[in-house]
Amino acid sequence: MNIIRTLSVACAIGMASFMPSAGAEPTEPDPFELEFEQNINTPEVPRKKLTAVKNNIESLHTQLKRDGFQVKKQRQGEVLVVTIPCERLFRANSTTLTDKGKTLLGRFRLNDDTRGKYKVIIAVHTDNTGEDAYADNITATRANAIDDYISAQMAAADIPTIPYGLGRDEQLTGNDSVKNRAKNRRAEFYIVPSGAM
(Lines give C-alpha, C1' and ligand atoms only; values in the text may rest on other atoms or scores of the structure.)
Protein backbone atom coordinates (compact mmCIF):
# COMPACT_ATOMS: atom_id res chain seq x y z
CA MET A 1 0.00 0.00 0.00
CA ASN A 2 1.26 3.42 -0.86
CA ILE A 3 0.97 6.64 1.06
CA ILE A 4 -1.64 9.31 0.30
CA ARG A 5 -1.62 12.96 1.21
CA THR A 6 -3.87 15.71 2.34
CA LEU A 7 -2.79 19.35 2.08
CA SER A 8 -2.65 21.24 5.34
CA VAL A 9 -1.86 24.60 6.82
CA ALA A 10 -0.10 24.13 10.17
CA CYS A 11 -1.20 26.27 13.07
CA ALA A 12 -0.66 26.03 16.81
CA ILE A 13 -3.30 24.76 19.16
CA GLY A 14 -3.03 24.45 22.91
CA MET A 15 -2.98 21.12 24.69
CA ALA A 16 -6.12 22.13 26.61
CA SER A 17 -8.19 22.14 23.44
CA PHE A 18 -7.94 18.38 23.02
CA MET A 19 -7.91 17.19 26.63
CA PRO A 20 -10.93 14.94 27.30
CA SER A 21 -13.48 15.91 29.90
CA ALA A 22 -13.99 13.63 32.91
CA GLY A 23 -15.41 10.28 31.82
CA ALA A 24 -15.14 11.08 28.10
CA GLU A 25 -13.16 9.01 25.62
CA PRO A 26 -9.81 10.68 24.82
CA THR A 27 -9.78 12.27 21.39
CA GLU A 28 -6.79 12.63 19.12
CA PRO A 29 -6.09 16.19 17.96
CA ASP A 30 -6.51 16.93 14.28
CA PRO A 31 -3.00 16.44 12.77
CA PHE A 32 -3.75 19.19 10.23
CA GLU A 33 -4.01 21.74 13.03
CA LEU A 34 -0.75 20.89 14.79
CA GLU A 35 2.66 22.51 14.47
CA PHE A 36 5.48 20.33 13.15
CA GLU A 37 6.98 19.29 16.51
CA GLN A 38 3.54 18.69 18.02
CA ASN A 39 2.66 16.41 15.11
CA ILE A 40 5.77 14.30 15.55
CA ASN A 41 5.07 13.86 19.26
CA THR A 42 1.30 13.30 19.05
CA PRO A 43 -0.36 11.06 20.00
CA GLU A 44 1.45 9.52 22.92
CA VAL A 45 1.54 5.73 22.59
CA PRO A 46 -0.24 4.01 25.51
CA ARG A 47 1.99 1.66 27.48
CA LYS A 48 -0.10 -1.40 26.60
CA LYS A 49 0.37 -0.67 22.85
CA LEU A 50 4.07 0.21 23.02
CA THR A 51 5.44 -3.24 22.17
CA ALA A 52 3.11 -3.64 19.18
CA VAL A 53 3.99 -0.18 17.85
CA LYS A 54 7.73 -0.74 18.23
CA ASN A 55 7.48 -4.16 16.54
CA ASN A 56 5.58 -2.65 13.61
CA ILE A 57 8.08 0.22 13.32
CA GLU A 58 10.94 -2.30 13.37
CA SER A 59 9.31 -4.21 10.52
CA LEU A 60 8.87 -1.00 8.50
CA HIS A 61 12.48 -0.01 9.29
CA THR A 62 13.76 -3.32 7.88
CA GLN A 63 11.55 -3.08 4.78
CA LEU A 64 12.44 0.52 3.89
CA LYS A 65 16.16 -0.03 4.56
CA ARG A 66 16.05 -3.06 2.28
CA ASP A 67 14.43 -0.85 -0.38
CA GLY A 68 17.47 1.47 -0.21
CA PHE A 69 16.16 4.31 1.93
CA GLN A 70 18.08 6.10 4.69
CA VAL A 71 16.02 5.28 7.78
CA LYS A 72 16.31 5.95 11.51
CA LYS A 73 14.09 5.59 14.56
CA GLN A 74 12.99 8.38 16.90
CA ARG A 75 10.84 8.73 20.01
CA GLN A 76 12.43 5.61 21.55
CA GLY A 77 11.55 3.46 18.55
CA GLU A 78 7.95 4.66 18.11
CA VAL A 79 8.55 6.86 15.04
CA LEU A 80 10.45 6.18 11.83
CA VAL A 81 12.21 8.89 9.78
CA VAL A 82 13.09 8.36 6.11
CA THR A 83 15.48 10.97 4.68
CA ILE A 84 15.89 11.68 0.96
CA PRO A 85 18.34 14.34 -0.27
CA CYS A 86 16.49 17.03 -2.25
CA GLU A 87 18.95 16.58 -5.14
CA ARG A 88 17.42 13.11 -5.67
CA LEU A 89 13.96 14.65 -6.05
CA PHE A 90 14.46 18.13 -7.57
CA ARG A 91 16.89 20.04 -9.77
CA ALA A 92 18.65 22.99 -8.15
CA ASN A 93 16.23 25.83 -7.33
CA SER A 94 13.33 23.86 -8.84
CA THR A 95 10.05 22.91 -7.21
CA THR A 96 9.11 20.38 -9.89
CA LEU A 97 9.85 16.73 -9.15
CA THR A 98 12.25 15.11 -11.61
CA ASP A 99 11.36 11.82 -13.29
CA LYS A 100 13.95 10.08 -11.11
CA GLY A 101 12.42 11.73 -8.05
CA LYS A 102 8.98 10.43 -9.01
CA THR A 103 10.40 6.94 -9.46
CA LEU A 104 12.05 7.13 -6.05
CA LEU A 105 8.83 8.29 -4.35
CA GLY A 106 7.01 5.42 -6.08
CA ARG A 107 9.24 3.00 -4.15
CA PHE A 108 8.32 4.57 -0.80
CA ARG A 109 5.66 2.18 0.49
CA LEU A 110 4.18 1.01 3.76
CA ASN A 111 2.91 -2.49 4.56
CA ASP A 112 -0.76 -3.29 3.94
CA ASP A 113 -1.25 -3.89 7.66
CA THR A 114 -0.39 -0.25 8.40
CA ARG A 115 -3.66 1.05 6.87
CA GLY A 116 -5.23 3.58 9.22
CA LYS A 117 -2.51 3.18 11.85
CA TYR A 118 -0.06 5.93 10.84
CA LYS A 119 0.22 9.47 9.65
CA VAL A 120 3.16 10.61 7.50
CA ILE A 121 4.67 14.03 8.07
CA ILE A 122 6.66 15.45 5.14
CA ALA A 123 9.29 17.99 6.20
CA VAL A 124 11.43 19.70 3.56
CA HIS A 125 14.58 21.61 4.55
CA THR A 126 17.15 23.74 2.73
CA ASP A 127 20.61 25.16 3.42
CA ASN A 128 21.46 28.73 4.47
CA THR A 129 21.96 30.22 0.99
CA GLY A 130 19.57 32.89 -0.28
CA GLU A 131 17.04 34.99 1.59
CA ASP A 132 14.83 33.62 4.38
CA ALA A 133 11.66 34.23 2.35
CA TYR A 134 13.11 32.25 -0.58
CA ALA A 135 14.11 29.34 1.71
CA ASP A 136 10.65 29.26 3.28
CA ASN A 137 8.92 29.40 -0.09
CA ILE A 138 10.99 26.75 -1.85
CA THR A 139 10.68 24.25 0.99
CA ALA A 140 6.92 24.79 1.33
CA THR A 141 6.42 24.45 -2.43
CA ARG A 142 8.60 21.33 -2.57
CA ALA A 143 6.74 19.76 0.37
CA ASN A 144 3.43 20.38 -1.42
CA ALA A 145 4.84 19.00 -4.70
CA ILE A 146 5.83 15.76 -2.94
CA ASP A 147 2.44 15.64 -1.25
CA ASP A 148 0.56 16.26 -4.50
CA TYR A 149 2.56 13.64 -6.41
CA ILE A 150 2.01 10.94 -3.81
CA SER A 151 -1.71 11.72 -3.73
CA ALA A 152 -2.06 11.55 -7.52
CA GLN A 153 -0.27 8.19 -7.70
CA MET A 154 -1.96 6.36 -4.86
CA ALA A 155 -5.42 4.94 -4.31
CA ALA A 156 -7.38 6.25 -1.34
CA ALA A 157 -6.07 4.91 1.96
CA ASP A 158 -6.31 5.77 5.61
CA ILE A 159 -2.81 7.26 5.93
CA PRO A 160 -2.87 11.07 5.83
CA THR A 161 0.23 13.02 4.93
CA ILE A 162 0.95 16.47 6.31
CA PRO A 163 3.50 18.66 4.44
CA TYR A 164 5.73 21.27 6.10
CA GLY A 165 8.27 23.57 4.49
CA LEU A 166 10.79 24.29 7.24
CA GLY A 167 13.18 26.57 5.35
CA ARG A 168 16.53 26.80 7.11
CA ASP A 169 15.26 25.37 10.40
CA GLU A 170 16.91 22.26 11.80
CA GLN A 171 20.19 22.23 9.88
CA LEU A 172 22.01 18.89 10.15
CA THR A 173 25.47 20.38 9.83
CA GLY A 174 27.35 23.60 9.11
CA ASN A 175 26.96 25.19 5.68
CA ASP A 176 30.71 25.55 5.18
CA SER A 177 31.05 23.30 2.11
CA VAL A 178 29.11 22.13 -0.94
CA LYS A 179 28.83 18.67 0.63
CA ASN A 180 27.46 19.99 3.92
CA ARG A 181 24.95 22.30 2.24
CA ALA A 182 23.69 19.29 0.24
CA LYS A 183 23.15 17.36 3.51
CA ASN A 184 20.96 20.19 4.80
CA ARG A 185 18.78 20.17 1.65
CA ARG A 186 16.57 17.19 2.39
CA ALA A 187 13.04 15.81 2.56
CA GLU A 188 12.18 13.86 5.69
CA PHE A 189 9.20 11.52 6.03
CA TYR A 190 8.14 10.91 9.64
CA ILE A 191 6.01 7.78 10.02
CA VAL A 192 4.07 8.41 13.23
CA PRO A 193 1.53 6.06 14.88
CA SER A 194 -1.98 7.46 14.95
CA GLY A 195 -4.63 6.97 17.60
CA ALA A 196 -5.92 3.93 15.66
CA MET A 197 -2.64 2.14 16.35
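The values are calculated or read from the model by the stated rules, or taken from the named source; none is laboratory data. All figures in this text were calculated on a predicted structure; none of them were measured in a lab. FYI the Cβ positions are ideal-geometry reconstructions off the backbone, even for glycines, and counts take in every protein chain you see. Surface accessibility is based on the protein's heavy atoms, side chains included, excluding ligands, DNA and RNA. Shrake-Rupley method; radii C 1.70, N 1.55, O 1.52, S 1.80 Å.
Quick notes on this structure:
- Hz values of 3J(HN,Hα) by residue in the stretch 44-53 - Karplus curve (6.51, -1.76, 1.60), Gly and Pro given as x: 6, 7, x, 3, 5, 9, 4, 5, 4, 5
- Taking the alpha carbon gyration tensor of the stretch 21-151, multiplying each eigenvalue by 5 and rooting it gives semi-axes of 29, 20, 13 Å, largest first.
- Over 19 Å apart at the Cα level, from the set K119/K183; K73/K117; K73/K179; K102/K179, are K119/K183; K73/K179; K102/K179.
- Highest-first arrangement of 176-189, 116-129, 134-147, where packing means the average Cβ count within 10 Å: 116-129, 134-147, 176-189
- Qualifying trypsin sites (Lys or Arg not before Pro) for the stretch 69-98 [loop in DSSP, other Cβ within 10 Å: at most 16]: R91
- Accessible area of the stretch 36-172 belonging to carbon and sulfur atoms, whole % at 1.4 Å probe: 45 percent
- For A133 and D67, the FRET efficiency from 1/(1 + (r/R0)^6), where r spans their Cβ atoms and R0 equals 41 Å, is about 0.70.
- The simple spin-label model puts a point 7 Å past each Cα toward its Cβ; for E170 and N41 those points are separated by 1.3 nm.
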